[in-house]
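These notes are about the structure you will find just below.
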Amino acid sequence: MIEDVSAIEPAVASALPTFEPGWVWLTGAGPGDPGLMTLHALNGLRQADVVVYDALVDDSVLGWARAGAIIEYAGKRGGKPSPKQRDISLKLIELARAGRRVLRLKGGDPFLFGRGGEEALSLVEAGVPFRVIPGVTAGIGGLAYAGVPVTHRDVNQAVTFLTGHDRHGLTPAAVNWRAVAEGSPVIVMYMAMKHLGEITAKLMDAGRDATEPAVVVRDATLPQMSVLETTLGGLAEDAAAAGIGAPAVICVGRVALMRQALDWVGALSGAAPRALDPLGGRERSEAG
Ligand code: SAH
């Protein structure tokens with residue numbers, strides 16, 4: 001199959017694995033910008049017989065699939081009911097048992113709020129061999145495109161990734177909001193738009209300051225990316241007023257302010273740099 005990966009630099013392609021029939025590759029496609037796919041993901045796309053993709057996988061990367069590959073959609077779109085997770089897992093198992101090379105392509109990273117763990121466990125149970133190809137997650141790569149580093153030594157030594165949505169579609173009761181509020185200077189939220197008012201209220205009730213900087217990044221890394229700069233207290237209202245919906249990733253914490261200096265995507269389209277102190281006048285650490 002090496003000729004099928006000719007789109008990849010030959011020296012690189014020779015170091016990448018051959019996709020064996022009957023295998024499933026659980027693959028992250030990254031947050032949207034096709035350039036953020038990994039070489040392993042591209043290598044998988046160039047060899048797969050079937051590509052089973054999720055919502056949030058950008059169409060342009062599907063065009064990189066091998067000619068003749070079957071491209072199947074399995075995800076939630078436009079409010080239509082989503083296929084049951086069990087049905088998706090069964091489909092992967094069935095295709096692999098029929099001797100197909102199955103690329104399961106998911107947005108971002110397959111093991112972060114992507115149900116990749118559930119699919120992998122089903123494959124193990126069914127005795128289907130698989131490989132996991134991590135991807136750039138929206139909560140790191142997407143925020144980077146908004147000029148927000150999820151850590152900075154002067155701001156945070158810990159970061160929390162949380163989902164605003166449990167398996168019943170509710171604000172997750174399993175999250176200890178007080179512990180997050182007290183222990184995590186930077187909080188990155190996925191799937192949080194629907195319950196934003198409730199989530200921000202929980203964080204403020206637990207002591208987080210309403211004036212704390214926050215950003216909402218919608219369609220991160222894509223040409224239509226939009227970024228809302230606000231505060232924890234203003235998040236829900238400002239996002240609603242701006243009409244920002246999913247998919248959006250949210251960052252609460254002082255790193256959000258750094259966008260003012262680090263908005264490199266804005267600079268590409270000619271936005272003037274803002275000369276604000278990203279650390280808000282606080283001292284810079286001198287430690288090496
Ligand atoms: N596994 C994915 C997350 C899937 S959950 C990952 O690692 O990124 C879906 C949520 O991810 C969305 O509701 C949104 O919060 C976030 N997301 C995914 N792609 C995004 C994008 N391009 N821009 C903003 N948020 C995104």
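Here are the numbers:
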quantity	calculated
Helix 196-205 vs. the chain, principal-axis angle (Cα, 0 to 90°, nearest 10)	50
Computed label-point distance, nm, for sites ALA271 and VAL124 using a 7 Å Cα→Cβ extension	4.3
Inter-centroid distance (Cα atoms) of segment 36-72 relative to segment 150-186, Å	32
Mean residue ellipticity (222 nm) of the chain, computed from DSSP H runs ≥ 4 via -39,500 (n - 2.57), nearest 500	-6500 deg cm²/dmol
Label zone at SER226 (point 7 Å along Cα-to-Cβ), backbone N below 16 Å, segment 30-45	none
Diffusion coefficient, µm² s⁻¹, Stokes-Einstein with Kirkwood Rh over alpha-carbon pairs of segment 111-154 at 20 °C and 1.002 mPa s	169
Total charge dipole magnitude, segment 72-151, about the Cα centre, Cβ charges on Lys, Arg, Asp, Glu only, Debye to nearest 20	260
Carbon and sulfur %, accessible surface of segment 139-287 computed with the full protein complex present, 1.4 Å	55
Amide proton proximity set for THR231, modelled H, under 5 Å, gap of 5+	ALA214
Per-residue HN-Hα couplings for segment 222-229 [Karplus 6.51, -1.76, 1.60; θ = phi - 60°; Hz; x = Gly/Pro]	8, x, 8, 3, 10, 10, 10, 9
Among 250-259, 192-201, 171-180, 93-102, the order from most to least packed when residues are scored by Cβ within 10 Å on average	250-259, 192-201, 93-102, 171-180
Relative contact order, percent, the chain [alpha-carbon distance under 8 Å, six or more residues apart]	17
Label point distance in nm, TRP264-ALA55, each placed 7 Å from Cα along Cα→Cβ	3.1
Nearest 10 degrees, 0 to 90: helix 116-126 Cα axis against the chain principal axis	30
Label-reachable residues, segment 229-266, where backbone N falls under 18 Å from a point 7 Å from ALA158's Cα toward its Cβ	252-255
Calculated from backbone phi, Karplus (6.51, -1.76, 1.60) coupling profile of segment 180-194 in Hz, x at Gly/Pro	5, 4, 7, x, 10, x, 10, 10, 10, 10, 9, 6, 10, 5, 5
Within the chain, percent of DSSP bridges classed antiparallel, to nearest 5	40
Check: the chain dipole with +1 on Lys, Arg Cβ and -1 on Asp, Glu Cβ, in debye	540
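The values are calculated or read from the model by the stated rules, or taken from the named source; none is laboratory data. Not measured: the values here are computed from a predicted model. Counting neighbours? That spans all protein chains shown, and the Cβs are built from the backbone with ideal geometry, glycine included. To get the accessible areas, we keep the full protein, side chains included, count just its heavy atoms, and leave off ligands, DNA and RNA. Shrake-Rupley method; radii C 1.70, N 1.55, O 1.52, S 1.80 Å.
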